[in-house]
Amino acid sequence: MSATLERGMNAFRQVLDAPIASFFSSCVHCGLCAEACLFYTETGDAQYTPIRKLEPLRRVWEQEFTVLGKLKKLVGLSQAVTDEELAEWSPLVYDSCTMCGRCSMVCPVGNDLTYMIRKMREGMSAAGHAPEGLITATQRSVTTGSPAGVKWATVQAVVKRVEKENGFSVPVDQANVDYLVLMSSWEILNFPEYLGAVGKILNQAGATWTISQAAYEATNSGIQIGSSDLAREIVSRVVNTAEKLGARCVISPECGHAYTAIRWDAPNLMGRPLGFEVKHILEVLDDLRQSGRLKLKGGLDKPLTYHDPCQISRRGGVYEQPRAFLHELAPQFKEMNDTGTMNWCCGGGGGVSANERAEPLRMKVFKKKKAQIEELGVKTMVTACANCRVVMEEALEHYNMDIEVLGLTELVAEYMVEDDKS
Ligand code: SF4
Ligand code: SF4
């Protein structure tokens, strides 16, 4: 047994907790999870059935934690998991799973397959079978705090541009503020207007806020690759900075997995409650709207739809807030079929967009979103995750579709009532 395989097997044994054991023993092999998974519906390939993606982990559970499995192994009816098998399974665990959570919604016995895949990635990365793109992104996250390797100098350039365009100063490392504003790599590199929009809205609402040189990104590749140790190291940068600055709330940006990392995983990774609240930017905007500190003027008069980022809507519960804004802003807002908690993923979440070898499959499975858009006939998509936005822009280009993709926070900033603080 090679050292890496041994590490992987040990990681599998460690993650095999009571919920996973009960999920494996409860499976009735109905196949419903396949019909919920984009990678199966768009390819018709049975290897993409969610429960099948977990087969090596299931065998370790059966062989080491059940009497029947021990007997089967003893008489040669069940083979030990090998390094070659894990290599073969790597594309199933990383390339064809966005950890979107849709399969977990439909399983009749309540198996949380997404939780299981997240845990299986712990063993796969320990065994050296994570994809190259994710390994590089995670290394950069640990050394720079950014999976794309964004340095503070790049953020400073964005800050200067935002200040020039908006006429306000961007506070840096201000203590005792209402909000610590985080960004994702995509927002810094592709959508710097996000920071301008957030600043404009918070200033209008009379809130105090800051960004920080010590923690400007919320993205966490440790979660995606499946390494709790690295995920903890990456998230602790944000937690320690927010607590040191005395920020009352950390705003997770328009990034799905960042929200999962800082909102849901961070307290477990740190092993303690956080000394601040965590909210997605849409939750903050909705709070401000409901308290009358953010008012909209409407006027977005064109047909558009909303793409629910899986980690924000289905996994995060933030699906009513964007709709409250869109109904008020855009009278021609239309819902896609299968929306809200049963939305279809863009195909690039869970680290798939950082995994170059997954690109052809990602383009293939985008056919589902393509069909949803074509059915509605809209030319404008709104979303609240910069990763979804980039993934959809690339795929729309690939399919020669002339559709614009907009960030909801920027739309709110553009259509809010200014200088009315009454
Ligand atoms: S989490 Fe999503 S992508 Fe992954 S197996 Fe389940 S349905 Fe498929
Ligand atoms: S939906 Fe649940 S019970 Fe059915 S095959 Fe998938 S994991 Fe097993």
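Given the structure, is Val239 open to solvent by less than 10 Å² (accessible area, probe 1.4 Å) and more than 25 Å from Ile312 (Cα to Cα)?
Judged against the criteria, Val239 is not a match.
Just the residues that are surrounded by 24 or more Cβ atoms within 10 Å (Cβ to Cβ), away from ligand 2 (no atom under 16 Å from the Cβ) and either part of a loop (DSSP other than H, G, I, E, B) or within 17 Å of the chain's Cα centre (by Cα) (or both), please, taken from the stretch 96-128.
Thr98, Arg121, Ala127
Given the residues Ala242, Ala247, which is the only one that is at pLDDT 95 or above and closer than 19 Å to Gly206 by Cβ?
Ala247
For the stretch 41-84, which positions are within 16 Å of ligand 2 (Cβ to nearest atom), in contact (Cβ under 8 Å) with a residue 40 or more places away in the chain and under 27 Å from Gly128 (Cα atoms)?
Gln47, Tyr48, Pro50, Ile51, Arg52, Lys53, Leu54, Pro56, Leu57, Trp61
Does the stretch 1-8 include one or more residues that are open to solvent by 50 Å² or more (accessible area, probe 1.4 Å), touching a residue at least 12 places away in the same chain (Cβ under 8 Å) and within 16 Å of ligand 2 (Cβ to nearest atom)?
no
Restricting the stretch 286-338 to residues that are touching a Lys or Arg at 6+ places or on another chain (Cβ under 8 Å) and among the small types (Gly, Ala, Ser), which is most open to solvent (accessible area, probe 1.4 Å)?
Ala324
Among the helices (runs of 4 or more DSSP H) confined wholly to the stretch 28-95, which include 1 or more residues that are more than 15 Å from ligand 1 (Cβ to nearest atom) and open to solvent by 20 Å² or more (accessible area, probe 1.4 Å)?
55-65, 67-74, 83-90
Evaluate the stretch 303-317: report whether one residue or more is modelled with pLDDT under 95 and part of a helix (DSSP H, G or I).
no
Do the conditions hold for Glu88, that is, is it of a type in the set (Asp, Glu) and touching a residue at least 24 places away in the same chain (Cβ under 8 Å)?
no
Identify all residues within the stretch 242-281 that are among the hydrophobic types (A, V, I, L, M, F, W, C), in contact (Cβ under 8 Å) with a residue 60 or more places away in the chain and surrounded by 23 or more Cβ atoms within 10 Å (Cβ to Cβ); write none if there are none.
Filtering the stretch 242-281 for residues among the hydrophobic types (A, V, I, L, M, F, W, C) gives 242, 245, 247, 249-251, 255, 258, 261-262, 264, 266, 269-270, 274, 276, 278, 281.
Filter again for in contact (Cβ under 8 Å) with a residue 60 or more places away in the chain, leaving 242, 245, 247, 249-251, 255, 258, 262, 276, 281.
Across the stretch 242-281, the qualifying residues are Ala242, Ala247, Val250, Ile251, Cys255, Ala258, Ile262, Ile281.
Has the stretch 45-53 got any residue that is modelled with pLDDT of 95 or more, more than 22 Å from the chain's Cα centre (by Cα) and not charged (D, E, K, R)?
Checking the stretch 45-53: at least one residue is modelled with pLDDT of 95 or more, more than 22 Å from the chain's Cα centre (by Cα) and not charged (D, E, K, R).
The values are calculated or read from the model by the stated rules, or taken from the named source; none is laboratory data. All figures in this text were calculated on a predicted structure; none of them were measured in a lab. Positions of Cβ are generated from backbone atoms using ideal geometry, with glycine treated the same way; all protein chains shown enter the neighbour counts. These accessible areas exclude ligands, DNA and RNA; they are computed on the full protein's heavy atoms, side chains included. Shrake-Rupley method; radii C 1.70, N 1.55, O 1.52, S 1.80 Å.
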